[in-house]
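First comes the structure, then the notes that go with it.
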Amino acid sequence: MSLPNSRSLGHRTEPSRADDSEHRSAFTSSVRSVLRGISDGTLQKVVLARTDVITRPEDFDEAEVFARLSSDRSSLAFQVHGSESQGDFLGASPEVLVRVNGARLVSTPFAGSVPTGGVLRTRARNELIRSAKVGTEHGLVIEDIVGRLRGVAMSDVDVVGPELRSTERVWHLASAITTTVDRAYIDSLAAVELLHPTPAVCGVPRTAALRVISESEPFERGLFGGVVGWQSRDGDGEWRVSIRCGLVTGSSARLFAGAGIVRGSDADAEFDETTAKMRTMNDALAAAGKTGAPAPLMQTDETRTQEGDARWTT
């Protein structure tokens, strides 16, 4: 399968609409195809992803890229080292698939988003909370995770939210799902196996959504939409969904982003959402480069969480 056209990362400018016309046309066509499946009742949600490729004359310094990603306290940076030919998979994920500490299990799924650029917190919250489309998208994720946890929970499965969370480039709706589990049977990896892939990266029904993703996306996701994290010897651990990410190989970086398609989705708006999500990696690549001017970063100090204090590589 061929990769999308590459763009040079020399003096950094935002891509124009014309530059993205080929990407936009292909992605929006896939979105409309999914919407037809939703309309006829065979699907409820599908997360469609796309890629973009950024290049520059000299190799990227992965350590610099990771350092830049680590500066965003709303997310947790990760780096998966590959061979020289495979490259390194890097990103900064705000989404906790599962955290297990003793008998306590927490999942914090993200579903529903708008770009931060020019959007005030109150306006973003109103847009997300009042949107029927976003309500459907978020609700499907919560329903799936809660349903799976009820089969292993030792207590009630509690849901708090949704509430507004901010990264440097995107506002999200997130909910906190908590319960207790029997650690004789459920450690953090067992919880990952139980929950992944959630409708936040796949869809509903899961099997039908996976088939549509395979048929619609002209590339392999690889580690995108997977999990990255750690588990201790006693089974405690934390696993993040591998989003806001890219595969860096020499002077080339392949960026990934997805959008949840449900009834009421607008194809062009979903494309714009993926573009906003890619800016996390795009900003890090530009800031780490020795050529070109770094992209300006959104200032979101008042809304940042303290959840991303710990950093790790895998």
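The values are calculated or read from the model by the stated rules, or taken from the named source; none is laboratory data. This one's a predicted model, so the numbers in the text were calculated from it and none came from an experiment. Every residue, glycine among them, receives a Cβ derived from its backbone with ideal geometry; neighbour counts consider all protein chains shown. Ligands, DNA and RNA are excluded from the accessible area calculation, which covers all protein heavy atoms including side chains. Shrake-Rupley method; radii C 1.70, N 1.55, O 1.52, S 1.80 Å.
Computed quantities for the displayed model
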{"item": "Within the accessible area of segment 129-257 (1.4 Å probe), percent carbon and sulfur", "result": "52 percent"}
{"item": "Directionally averaged projected area (convex hull, Cα atoms, segment 186-293), nm²", "result": "9.4 nm²"}
{"item": "Distant-in-sequence amide H partners of Gln79 (H built 1.01 Å from N, under 5 Å)", "result": "Thr314"}
{"item": "Fully extended contour minus Cα-Cα distance, from Asp268 to Ala63, at 0.36 nm per residue", "result": "70.3 nm"}
{"item": "Virtual paramagnetic centre 7 Å along Cα→Cβ of Ser83, amide N under 12 Å, in segment 49-73", "result": "none"}
{"item": "Separation between Cα centres of segment 42-58 and segment 198-272, rounded to whole Å", "result": "9 Å"}
{"item": "In sequence order, calculated HN-Hα J values of segment 87-100 (Karplus, 6.51, -1.76, 1.60; Hz; x Gly/Pro)", "result": "x, 9, 9, 10, x, 9, 9, x, 9, 8, 5, 7, 10, 10"}
{"item": "For Ser251, residues with placed amide H under 5 Å, excluding near neighbours", "result": "Phe60"}
{"item": "Protection proxy ranking, peptides 140-146, 207-213, 282-288, 88-94, average beta carbon neighbours within 10 Å, highest first", "result": "88-94, 282-288, 140-146, 207-213"}
{"item": "Scaled radius of gyration (Cα, divided by 2.2 N^0.38 Å) that segment 26-66 gives", "result": "1.95"}
{"item": "Residues with amide H under 5 Å from that of Phe219, placed H, sequence gap 5 or more", "result": "none"}
{"item": "Linear extension gain, Ala26 paired with Ala176, 0.36 nm per residue minus alpha-carbon span", "result": "50.5 nm"}
{"item": "Chain lengthening between Val159 and Thr207 when straightened (0.36 nm per residue, less Cα-Cα)", "result": "14.7 nm"}
{"item": "Estimated vicinal HN-Hα couplings, Hz - segment 177-190 in sequence order (Karplus 6.51, -1.76, 1.60; Gly, Pro = x)", "result": "10, 10, 6, 10, 10, 7, 5, 5, 10, 10, 10, 5, 5, 5"}
{"item": "Leu164, Leu247, reordered so the largest accessible area comes first (probe 1.4 Å)", "result": "Leu247, Leu164"}
{"item": "Calculated from backbone phi, Karplus (6.51, -1.76, 1.60) coupling profile of segment 27-43 in Hz, x at Gly/Pro", "result": "5, 5, 5, 5, 4, 5, 5, 5, 4, 5, x, 5, 5, 8, x, 7, 9"}
